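> Quick one: the structure is below, questions incoming.
The values are calculated or read from the model by the stated rules, or taken from the named source; none is laboratory data. The model shown is predicted, which means the values in this text are computed figures rather than measured ones. Note that we place each Cβ from the backbone using ideal geometry, even for glycine, and neighbour counts take in every protein chain shown.
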Amino acid sequence: MEKDLKNQNQKNEEHVLHLIVNETNYKWEHQFITGAQVKQLGNIPQSDKLFLAIKRPWEDELISDDAEVDLARPGIEKFYSKSHDDFEHVVIVVNGRPKNWDERKINYEQLVKLAFPNYVENEAIVYTVTYTNGPKQNEESSMVKGDVVFVKNQMIFNVTPTNRS
């Protein structure tokens, strides 16, 4: 019976995954964990932003409350939080105009709305989005609907409407 109990404890330990939240070690018994669950586990205020540390030269990933992170990947996932006041705001330039941005990423639709506040999706109009002066992951390129890129301070975006004909 003692041997069975030892084997059961060993089996349970095999299915425990480890993670670090604000430099404190935690155990988790499921493959996936949401941002909200990490905040709860680490006693992080809901208003704080949660990040998953990524090895350089890549940017750390902002984790939303509903985002799922796979803890079964190689290595131990390391999370950290920043209060909203500590978060680094950046200024991006959209069609020559400076815009304050407080997220690590921006998507195609957000850029079109920044460039054209009265934007309404219309199949007759396609928007061309190009950018320069980006971070190492995406220094310079173009975007199509559905794309997301990392941002950095003074990143330049050009958004141009084109009629489909």
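> Determine whether the range 10-28 contains at least one residue that is of a type in the set (A, V, I, L, M, F, W, C), modelled with pLDDT of 85 or more and part of a loop (DSSP other than H, G, I, E, B). Give the derivation first.
From the range 10-28, those of a type in the set (A, V, I, L, M, F, W, C) are 16-17, 19-21, 28; that's our starting set.
Next, from what is left, pick out any that are modelled with pLDDT of 85 or more: 16-17, 19-21, 28.
Checking the rest, the ones that are also part of a loop (DSSP other than H, G, I, E, B) come to 16.
Within the range 10-28, one or more residues are of a type in the set (A, V, I, L, M, F, W, C), modelled with pLDDT of 85 or more and part of a loop (DSSP other than H, G, I, E, B).
> Somewhere in the range 116-136, is a residue in a loop (DSSP other than H, G, I, E, B), of a type in the set (Asp, Glu) and outside the structural domain of Thr34 (by TED's automatic domain parsing)? Full working, then the answer.
Filtering the range 116-136 for residues in a loop (DSSP other than H, G, I, E, B) gives 116-124, 133-135.
Now drop any that are not of a type in the set (Asp, Glu), which leaves 121, 123.
From the residues that got through so far, the ones that are outside the structural domain of Thr34 (by TED's automatic domain parsing) too are 121, 123.
Yes, some residue in the range 116-136 is in a loop (DSSP other than H, G, I, E, B), of a type in the set (Asp, Glu) and outside the structural domain of Thr34 (by TED's automatic domain parsing).
> Mind checking whether some residue in the range 90-99 is part of a loop (DSSP other than H, G, I, E, B), surrounded by 12 or more Cβ atoms within 10 Å (Cβ to Cβ) and not assigned by TED's automatic domain parsing to the domain that holds Pro117?
Of the residues in the range 90-99, the ones part of a loop (DSSP other than H, G, I, E, B) are 95-96.
Adding the requirement that they be surrounded by 12 or more Cβ atoms within 10 Å (Cβ to Cβ) leaves 95.
Filter again for not assigned by TED's automatic domain parsing to the domain that holds Pro117, leaving none.
So far as the range 90-99 goes, no, none of its residues is part of a loop (DSSP other than H, G, I, E, B), surrounded by 12 or more Cβ atoms within 10 Å (Cβ to Cβ) and not assigned by TED's automatic domain parsing to the domain that holds Pro117.
> Okay, moving on. Read through the list (1) within 16 Å of the chain's Cα centre (by Cα); (2) part of a loop (DSSP other than H, G, I, E, B), then give the number of the only condition that Gln110 fails.
Here Gln110 clears every test but (2).
> Here's a check for you: in the range 140-160, which residue that is under 18 Å from the mean Cα position of the chain (by Cα) and β-branched (Val, Ile, Thr) is surrounded by the fewest Cβ atoms within 10 Å (Cβ to Cβ)?
Val148
> Condition first: touching a Lys or Arg at 6+ places or on another chain (Cβ under 9 Å) and either closer than 27 Å to Asn43 by Cβ or modelled with pLDDT of 95 or more (or both). Now tell me which residues in the range 80-91 satisfy that.
Filtering the range 80-91 for residues touching a Lys or Arg at 6+ places or on another chain (Cβ under 9 Å) gives 81-84, 86-88, 90-91.
The answer is Ser81, Lys82, Ser83, His84, Asp86, Phe87, Glu88.
> Can Tyr119 be described as in contact with a Lys or Arg (Cβ under 6 Å, 6 or more places away or on another chain) and over 30 Å from Leu52 (Cβ atoms)? First the steps, then the outcome.
Numbers: in contact with a Lys or Arg (Cβ under 6 Å, 6 or more places away or on another chain): yes; over 30 Å from Leu52 (Cβ atoms): yes.
Here the answer is yes, as Tyr119 does meet what is asked.
> If you don't mind, there's one more thing I want to ask. Can you work out which of the residues in the range 29-67 that are assigned to a strand (DSSP E or B) and at pLDDT below 95 is nearest to Asn138 (Cα to Cα)? Don't jump to the end; show me each part of the working.
Taking the range 29-67 first, the residues assigned to a strand (DSSP E or B) are 32-34, 49-52, 61-63.
Keeping just the survivors that are at pLDDT below 95 gives 49-52, 61-63.
Values: Lys49: 23, Leu50: 22, Phe51: 19, Leu52: 19, Glu61: 14, Leu62: 16, Ile63: 19 Å.
Looking at residues that are assigned to a strand (DSSP E or B) and at pLDDT below 95, I get Glu61.
> Do we find that Asn158 is in contact (Cβ under 8 Å) with a residue 60 or more places away in the chain, assigned to a strand (DSSP E or B) and in the same structural domain as Arg97 (by TED's automatic domain parsing) in this structure?
Details: in contact (Cβ under 8 Å) with a residue 60 or more places away in the chain: yes; assigned to a strand (DSSP E or B): yes; in the same structural domain as Arg97 (by TED's automatic domain parsing): yes.
Yes: the conditions hold for Asn158.
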